[in-house]
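The values are calculated or read from the model by the stated rules, or taken from the named source; none is laboratory data. Since we're looking at a predicted model, the values are computed, not measured. For neighbour counting, all protein chains shown are included, and Cβ atoms are generated from backbone atoms with ideal geometry for every residue, glycine included.
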Amino acid sequence: MNKMFSRLTTRVSFAMVIVVLLSMAVIVRHWAFVTAPTLKAAEQTKAELLITPYTQLLESAVDEGDESQLGDILNQLVLLEDVTYNEPIVLSLKISLLDGRVIERHNTIKRNTTPFRAETPIFSPRTMELLGSVKLEYNDAFYNRLIGEVWWEMGASMLMALLLLVAMQYWVRRLLRPLTELSNRLVRVDLDTQPSLPPADPALSTEILQVWQSIEQLFSRLRQRDEALESEHAAAQAALQAKLEAETASREKSQFLANMSHELRTPLNAIIGYSEMLYEEVGESGNAEMAGDLVRIVNSGKHLLSLINDVLDLSKIEAGKMQLYLDDLNLPQLVCEVMDNIEPLIASNNNTVDVLCDEKIGSIHADEAKLKQVLINVLGNAAKFTHNGEVGLTVERLTDDTGEWVLFKVRDTGIGISEEQQKNLFKAFTQADESTTRKYGGTGLGLTISRSMCQLMGGDITVSSHPGEGSIFEIRIPVQVGGGEDDKNSDVLAKGMSESLGELERQKSEASGLKKLSDNSPLVLIVDGDSSEIDLLQRMLGEEGFRCECSKTGREGLEKAANLIPALIILDITLPDTSGWTVLSQIKKNPLLLHVPVIVHSMIDERATAAALGAAGYLSKPTGRHELMAMVQGQLQTSDSSTVLVIDADVDARRMSRMVFENEGWQVTECGDGEVGMMRVAELMPSAIVVDAGLEKMPVIDFVEALREHELWRSIPVLVLTEETLADEYRAALLTHVDMVVEKGPYSLDTLLRRLRELMGAESSAAMA
Amino acid sequence: MSQVRLTIWLVLGLMLSEVLVADESEKRRVDISISIFPRIVAVDNHFREKLEVGNKVRLLFVYDEDRSLAESLMARIGKDGKMIGGMKIVTQLASVRAPLPDNEVPVAIFLVERLDDAQLARVITFAEKKHRLLFSPYSGDVERGVMVGISVTNRVKPFFNLQALRRANVEINALLMKMSKRYE
């Protein structure tokens, strides 16, 4: 700031000096080159004008030879005096005649300067002849004095200007000094502590003192604001700390709940599983009393499990970890499944059921498990609180400004809910009142969880009820629940497939040394860190006629899978040596195991991750026997059915092939070029391949040669369809690798189908043998 | 529209006033010149050799259109029996559109009106050929080749074209030449 003032002062001073000097230069130049010459010319004119009127007098006197008159004229001229400077106007007069005579008059004034001169000819007025000339010296005293005075004035003015300049500079500096000092003080003020200025010097001018006081007032307000900010900051810090502590506590609580649920469900799984098995064994032996006890054990275990599941769901909701697994759901089918599940409970209280759902209502894109859980929960409540009454479910499609919805309306003629009770209905651990809890049981989490799930899907649950008149629960779910998990999963699967092909090359040499068990019953590999769980699964599967191999660690599981090539793998995620996800990804990277279906069996609800990594199914622990068997048999049936891979760039041709082959009961997978076809082969191990000869990216001969390089794929029948008649040599080369080459035509598909039937039949026979 | 008319009238008025002022100025120059012209004739160093028979000073006044002006000037110069160097003055009138008189050569020639370039050239050629002094009162004519005119500044002085004088072989008194204005 100080520097700025100093620099400013120097600049201003310099500018002022320049302005003054320039002004002076302009004035001097104007004087020297304009005014002074003009004055000089004016004086010269005066000299000329003075001599002109006397010329005629002089001409007459000279012409007439009147010397006395001539002398008088000359004397008169020489006597003329300027009153402004009291000196003679004419310094000298000289008449030079052509006859040699000279007549002159002088004023004896000593001068250092050259006077103005005027000379004019003298003619004879009579003869017009030239007689001579008259020369006049004009006094330049006036001009010289004027010039001198002007120079002196200019010098004095310049001096005055310079003095004024110096004085002004002095005053400016004096005026700025307190401001400079103030700026210096302001620069040194420590804004981090208590901003303040030292007391102002009372000798300063009033204006400066006012500025000083204003700044001090500003600092005072700054101090007040800082204090206020500090207190606000402290309060905010305390609030933030409290929030962090609360969040930590909430996280810890959720984690505790999740851990506890896990720890509780593990033994409970064993209890339920073994009780069910004991019940079946006891039932077969006819011990009804013990069977009744075992039923009670199973029911109590299942009840306890549902409570634990509720607590686990709630902890997930609170932790924001609840995920959606969206799928297109056929609504009539969904309703049927739900009602099949809940009808026994409704009937147990002697209630009737009324379901209204149009068969053409269509589908909904939502999370099947969560939607079912919500409906079962609400219908279960209706059944639980209604005796000898009616429970109804109506499903409708609604369209309003906010979009298209599916409305599930659950009504009952039960005890109803008061307005006061409705306020707490969706709050966790809250039931209508304590007597309700005592009478009907439950954790009070069901509706809380249901509402959260609905809200997660973009919908909601509302209730309208009056005590004694029953209740109506309305569940609104968007027809198209948002989310792109399916696409994401597809991408991950595609990536995994691509990696598989690279792995295939590295491991092809290992393929020759592998062996398959000769036993015809499907082999299931169980990889689980819990011995009791292994034992339970083994017994369940064994009873259904499956062979089982077990591993307690991931590493051992991978080795066994690679050596035995099981028909199915049941994989736990919580393993002692590695994560089940790692094992799953390793399985899906191995081309020999790529086609083996893997069912993830875990307490961790990570369906999306499992699907992304290539799992064929997901079972949540504890798993009931029926659920397990349904999943296992479903997966094995899928892998057992014959699959035909159709490779053709023409979409319509592929579609036609699909229709024909699906009519034969075969599964069909199709793709447009050979490279993708190789990936599909690695992924599916198809029973047969139908390939078009006109592939663009990869010629069919290259495709079949690459296919036959791998031992596992050498036996896959390949049939080639061609639009053009192939050259004999090319056809012969193809036929060394493929089973048939058919030219496209009206009966080509029939020919192809007959040959495929033969080949697939032969393959089945070979497998049976 | 009225403003345009007013402007046109103002411009025309200004042009007319300029013409009038110029005319007035030239008239004054002619008036002064007619009194100076005899003195200039007298300072020709060979003035006496150029007199005609009877020692008369023949002065030729050349005009273009304004004959009356020429006649009035002639009358003024010959007024009251004026003489030059003690010799009687004889004036002669000649139109520039007619051949200039070759038989009676004047001592000096006075241009009564401002002539165009061709006319002036004819008169100058005539004067130079006859070695006679050619005087023009009009501003700018000395620069165009006329031998002598007047220079009006703070005083009226004779104005000589030295080259024209040399071409015509006319010599002027050195004293007067020193006090006059000269054009090289």
(request) Answer with yes or no whether A:VAL632 is over 21 Å from A:MET679 (Cα atoms), crowded, with 20+ Cβ neighbours inside 10 Å and more than 34 Å from the chain's Cα centre (by Cα). (result) yes
(message) Anything in the stretch A:99-115 that is in contact with a Ser or Thr (Cβ under 9 Å, 6 or more places away or on another chain) and in contact (Cβ under 8 Å) with a residue 24 or more places away in the chain? List them, or say none.
(response) A:ILE103, A:GLU104, A:ARG105, A:HIS106, A:ASN107, A:PRO115
(request) Only one of these is surrounded by 15 or more Cβ atoms within 10 Å (Cβ to Cβ), over 36 Å from the mean Cα position of the chain (by Cα) and of a type outside the set (Lys, Arg): A:SER285, A:SER275. Name it. (result) A:SER275
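Search the stretch A:113-156 for residues being away from every other protein chain (no Cβ under 14 Å) and aromatic (Phe, Trp, Tyr), and hand back the single one that is farthest from B:ASN154 (Cα to Cα). Talk me through it step by step, then tell me what you get.
The initial filter retains those residues of the stretch A:113-156 that are away from every other protein chain (no Cβ under 14 Å), namely A:113-115, A:137, A:139-156.
The next check asks that each one be aromatic (Phe, Trp, Tyr); those that pass are A:142-143, A:151-152.
Values: A:PHE142: 19, A:TYR143: 18, A:TRP151: 27, A:TRP152: 30 Å.
The selected residue is A:TRP152.
Could you check, for the stretch B:116-136, whether at least one of its residues is on the phi < 0 side of the Ramachandran plot and within 14 Å of another protein chain (Cβ to nearest Cβ)? Step through it out loud before you land on a result.
Keep residues of the stretch B:116-136 that are on the phi < 0 side of the Ramachandran plot, which gives B:116-130, B:132-136.
Still in the running and within 14 Å of another protein chain (Cβ to nearest Cβ): B:133, B:135.
Yes, the conditions are met somewhere in the stretch B:116-136.
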(request) For the stretch A:603-618, enumerate the residues that are surrounded by fewer than 21 Cβ atoms within 10 Å (Cβ to Cβ) and modelled with pLDDT of 80 or more. (result) A:THR609, A:ALA616, A:GLY617, A:TYR618
(request) Please find, within the stretch B:52-73, the residue that is modelled with the lowest pLDDT out of those that are charged (D, E, K, R) and outside any helix (DSSP H, G or I). (result) B:GLU52
(message) Just to check your reading of the model, which residue among B:VAL105, B:VAL142, B:VAL156, B:VAL146 is at pLDDT below 95, touching a strand residue (DSSP E or B) at 6+ places or on another chain (Cβ under 8 Å) and either away from chain A (no Cβ under 14 Å) or closer than 14 Å to B:PHE61 by Cβ (or both)?
(response) B:VAL105
(message) When you scan the stretch A:625-645, do you find a residue that is modelled with pLDDT of 80 or more and among the basic types (Lys, Arg), even just one?
(response) no
(request) Could you grab me the full set of residues in the stretch A:325-354 that are among the β-branched types (Val, Ile, Thr) and outside any helix (DSSP H, G or I)? (result) A:THR352, A:VAL353
(request) From (1) more than 23 Å from A:LEU536 (Cα to Cα); (2) aliphatic (A, V, I, L, M); (3) part of a helix (DSSP H, G or I), pick out the condition that doesn't hold for A:MET322. (result) (3)
(message) So in the stretch A:166-206, with the set limited to residues that are more than 29 Å from A:LEU229 (Cα to Cα) and acidic (Asp, Glu), which one is modelled with the highest pLDDT?
(response) A:GLU181
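For residues in the stretch A:97-112 being in contact with a strand residue (DSSP E or B) (Cβ under 6 Å, 6 or more places away or on another chain) and in a loop (DSSP other than H, G, I, E, B), which is farthest from the other protein chains (Cβ to nearest Cβ)?
Just the residues of the stretch A:97-112 that are in contact with a strand residue (DSSP E or B) (Cβ under 6 Å, 6 or more places away or on another chain), to begin with: A:97-98, A:102-107.
Still in the running and in a loop (DSSP other than H, G, I, E, B): A:98, A:107.
Numbers: A:LEU98: 7, A:ASN107: 23 Å.
Among residues in the stretch A:97-112 that are in contact with a strand residue (DSSP E or B) (Cβ under 6 Å, 6 or more places away or on another chain) and in a loop (DSSP other than H, G, I, E, B), the one farthest from the other protein chains (Cβ to nearest Cβ) is A:ASN107.
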(request) Quick one: count up the residues across the stretch A:735-753 that are in a helix (DSSP H, G or I) and modelled with pLDDT under 85. (result) 6
(message) Go through the stretch B:74-90 and report how many residues are surrounded by fewer than 19 Cβ atoms within 10 Å (Cβ to Cβ) and either assigned to a loop (DSSP other than H, G, I, E, B) or more than 12 Å from chain A (Cβ to nearest Cβ) (or both).
(response) 7
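For the stretch A:671-684, name all the residues that are closer than 18 Å to A:TRP713 by Cβ and touching a helix residue (DSSP H, G or I) at 6+ places or on another chain (Cβ under 8 Å). Let's see the steps before the verdict.
We begin by selecting, within the stretch A:671-684, every residue closer than 18 Å to A:TRP713 by Cβ; these are A:671, A:673-684.
Matches in the stretch A:671-684: A:CYS671, A:GLY674, A:GLY677, A:MET678, A:MET679, A:VAL681, A:ALA682, A:GLU683.
Condition (residue is of a type in the set (A, V, I, L, M), under 15 Å from A:ARG625 (Cβ atoms) and in contact with a Lys or Arg (Cβ under 9 Å, 6 or more places away or on another chain)) applied to the stretch A:300-316: is it met by at least one residue? Steps first, answer last, please.
So in the stretch A:300-316, the residues of a type in the set (A, V, I, L, M) come out as A:304-305, A:307-308, A:311-312, A:314.
Filter once more, so that each one left must be under 15 Å from A:ARG625 (Cβ atoms): A:305.
Subset that is in contact with a Lys or Arg (Cβ under 9 Å, 6 or more places away or on another chain): A:305.
Yes, because at least one residue in the stretch A:300-316 is of a type in the set (A, V, I, L, M), under 15 Å from A:ARG625 (Cβ atoms) and in contact with a Lys or Arg (Cβ under 9 Å, 6 or more places away or on another chain).
Taking the conditions exactly as written (more than 14 Å from chain B (Cβ to nearest Cβ) and either out of contact with any helix residue (DSSP H, G or I) (no Cβ under 9 Å at 6 or more places or on another chain) or not in a helix (DSSP H, G or I) (or both)), does A:LYS94 satisfy them or not? Give the steps one after another, and end with the answer.
Details: more than 14 Å from chain B (Cβ to nearest Cβ): no; either out of contact with any helix residue (DSSP H, G or I) (no Cβ under 9 Å at 6 or more places or on another chain) or not in a helix (DSSP H, G or I) (or both): yes.
Answer is no for this residue.
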(message) Residues to consider are A:ALA15, A:ALA36; find the one that is assigned to a helix (DSSP H, G or I) and within 30 Å of A:PRO178 (Cβ to Cβ).
(response) A:ALA15
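Condition check: modelled with pLDDT under 90, under 20 Å from A:ASN350 (Cα atoms) and of a type in the set (S, T, N, Q). Does A:THR436 satisfy that? Show your work before the answer.
On the way: modelled with pLDDT under 90: yes; under 20 Å from A:ASN350 (Cα atoms): yes; of a type in the set (S, T, N, Q): yes.
It is true that A:THR436 is modelled with pLDDT under 90, under 20 Å from A:ASN350 (Cα atoms) and of a type in the set (S, T, N, Q).
The rows are residues; the columns are (1) among the hydrophobic types (A, V, I, L, M, F, W, C); (2) under 42 Å from the mean Cα position of the chain (by Cα); (3) buried (at least 16 other Cβ atoms within 10 Å of the Cβ); (4) assigned to a helix (DSSP H, G or I).
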residue	(1), (2), (3), (4)
A:ILE208	yes, no, yes, yes
A:LEU218	yes, no, no, yes
A:ARG221	no, yes, no, yes
A:GLU227	no, yes, no, yes
A:HIS233	no, yes, no, yes
A:GLN241	no, yes, no, yes
A:LEU244	yes, yes, no, yes
(message) Given the condition touching a residue at least 60 places away in the same chain (Cβ under 8 Å), in contact with a strand residue (DSSP E or B) (Cβ under 9 Å, 6 or more places away or on another chain) and not small (Gly, Ala, Ser), answer yes or no: does some residue in the stretch B:77-95 qualify?
(response) no
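Would a scan of the stretch A:168-178 turn up a residue that is over 59 Å from the mean Cα position of the chain (by Cα), part of a helix (DSSP H, G or I), away from every other protein chain (no Cβ under 14 Å) and surrounded by 11 or more Cβ atoms within 10 Å (Cβ to Cβ)? Quick ask: steps written out before the conclusion?
Start the filter on the stretch A:168-178 by keeping residues that are over 59 Å from the mean Cα position of the chain (by Cα), which leaves A:168-171, A:174.
Within this subset, residues satisfying the condition of being part of a helix (DSSP H, G or I) are A:168-171, A:174.
Okay, now just the ones that are also away from every other protein chain (no Cβ under 14 Å), so A:168-171, A:174.
When the remaining residues are screened for being surrounded by 11 or more Cβ atoms within 10 Å (Cβ to Cβ), the result is A:168-169.
Within the stretch A:168-178, one or more residues are over 59 Å from the mean Cα position of the chain (by Cα), part of a helix (DSSP H, G or I), away from every other protein chain (no Cβ under 14 Å) and surrounded by 11 or more Cβ atoms within 10 Å (Cβ to Cβ).
Can you report the number of residues in the stretch B:159-184 which are farther than 16 Å from A:PRO121 by Cβ, without any contact (Cβ under 8 Å) to a residue 60 or more places away in the chain and either among the aliphatic types (A, V, I, L, M) or within 14 Å of chain A (Cβ to nearest Cβ) (or both)? Give the steps one after another, and end with the answer.
First pass over the stretch B:159-184, keeping only residues farther than 16 Å from A:PRO121 by Cβ: B:161-171, B:183-184.
If we keep only those that are without any contact (Cβ under 8 Å) to a residue 60 or more places away in the chain as well, we get B:161-169, B:183-184.
Adding the requirement that they be either among the aliphatic types (A, V, I, L, M) or within 14 Å of chain A (Cβ to nearest Cβ) (or both) leaves B:162, B:164-165, B:168.
Residues flagged as farther than 16 Å from A:PRO121 by Cβ, without any contact (Cβ under 8 Å) to a residue 60 or more places away in the chain and either among the aliphatic types (A, V, I, L, M) or within 14 Å of chain A (Cβ to nearest Cβ) (or both) within the stretch B:159-184 amount to 4.
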(message) Out of A:LYS40, A:LYS46, I need the residue that is within 14 Å of another protein chain (Cβ to nearest Cβ), within 24 Å of A:MET154 (Cβ to Cβ) and surrounded by 13 or more Cβ atoms within 10 Å (Cβ to Cβ). Which one?
(response) A:LYS40
(request) Could you tell me which of the residues A:LYS360, A:LYS316 is of a type outside the set (S, T, N, Q) and either touching a Cys at 6+ places or on another chain (Cβ under 6 Å) or in a helix (DSSP H, G or I) (or both)? (result) A:LYS316
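Take the conditions part of a helix (DSSP H, G or I), away from chain A (no Cβ under 14 Å) and loosely packed, with under 10 Cβ neighbours inside 10 Å and apply them to B:GLU49. Does it pass? So that I can check it myself, show each step before the final result.
Values: part of a helix (DSSP H, G or I): yes; away from chain A (no Cβ under 14 Å): yes; loosely packed, with under 10 Cβ neighbours inside 10 Å: yes.
Yes.
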